[in-house]
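Data block below; observations after.
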Amino acid sequence: MTTEIIWAPWRAGFIKAKPEKGCVLCRISRSMDNRKSLIVKRGKCNFIVLNKFPYTSGHLMVVTNRHIGALEKLSTIEANEHFRLTRTAAAAIRKAFKPEGLNVGMNLGRPAGAGIKDHLHTHLVPRWAGDSNFMPVIGETRINSIDIEETYEALLEAFKRIRSKT
Ligand SMILES: [Zn+2]
């Protein structure tokens, strides 16, 4: 068997577009530009970020700063803040988008549907009657009627308005 070398310059774009190495959530965590990274709020040990590939408009994730994949590895301080920020995120989504429902959850491990399995994050997905069921949309990119920047602005505003209550 011989090895063929094929000269295919049109593949250069595809090769350049391959995913960056390393953990995407760690990269977002280290970002100095919250807006560019779509971070809507930062705590001491966790942050809240708008999902770039949302299931529905306003899909947020609460993410630990540390690169850990198991709940039991969280310190009490990290865990408490994680849940506190999950509550705040739920309140902001309700204020900004008035969804009829909300899915909140973690996918731990590949068989459980985790896209990024080694870095803990809690999904908050706003839901409306008549949208797709949660399970079938996992792994798919949904097309959104609301632009991502508009969504970001709406959430920032909502976080400002609920700050005093949480
Ligand atoms: Zn990470």
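Taking the protein heavy atoms of the stretch 22-165 in the context of the full set of protein chains, the accessible area attributed to carbon and sulfur is 54 percent at 1.4 Å.
Compactness of the stretch 22-165 was expressed as the Cα radius of gyration divided by 2.2 N^0.38 Å, which yields 0.98. Excluding ligands, DNA and RNA, the accessible surface per residue across the stretch 22-165 is 56 Å² with a 1.4 Å probe. Quick one: Karplus J couplings for the stretch 33-45, per residue in order, coefficients 6.51, -1.76, 1.60, θ = phi - 60°, nearest Hz, x for Gly and Pro? Once θ is set to phi - 60°, the couplings for the stretch 33-45 become 10, 4, 5, 5, 8, 6, 7, 9, 7, 10, x, 7, 10 Hz.
Any of 44/98; 44/160; 36/160; 41/95; 21/160; 73/95 with alpha carbons more than 23 Å apart? Name them for me. Let's see the in-between values first.
On the way: 44/98 28 Å; 44/160 18 Å; 36/160 19 Å; 41/95 15 Å; 21/160 34 Å; 73/95 32 Å.
The pairs that break the limit, which is 23 Å between Cα atoms, are 44/98; 21/160; 73/95.
Tell me whether the stretch 53-122 comes out rounded, prolate or oblate; compute the Cα gyration tensor, take square roots of the eigenvalues as a ≥ b ≥ c, and use a/c under 1.5 as the rounded threshold.
Numbers: a/c = 2.54, a/b = 1.39, b/c = 1.83.
Taking the square roots of the gyration eigenvalues as a ≥ b ≥ c, the stretch 53-122 is oblate.
The values are calculated or read from the model by the stated rules, or taken from the named source; none is laboratory data. Given the structure is predicted, the values throughout are model-derived calculations rather than measurements. Note: accessible area is taken over every heavy atom of the protein model, side chains too, but ligands, DNA and RNA are not part of it. Shrake-Rupley method; radii C 1.70, N 1.55, O 1.52, S 1.80 Å.
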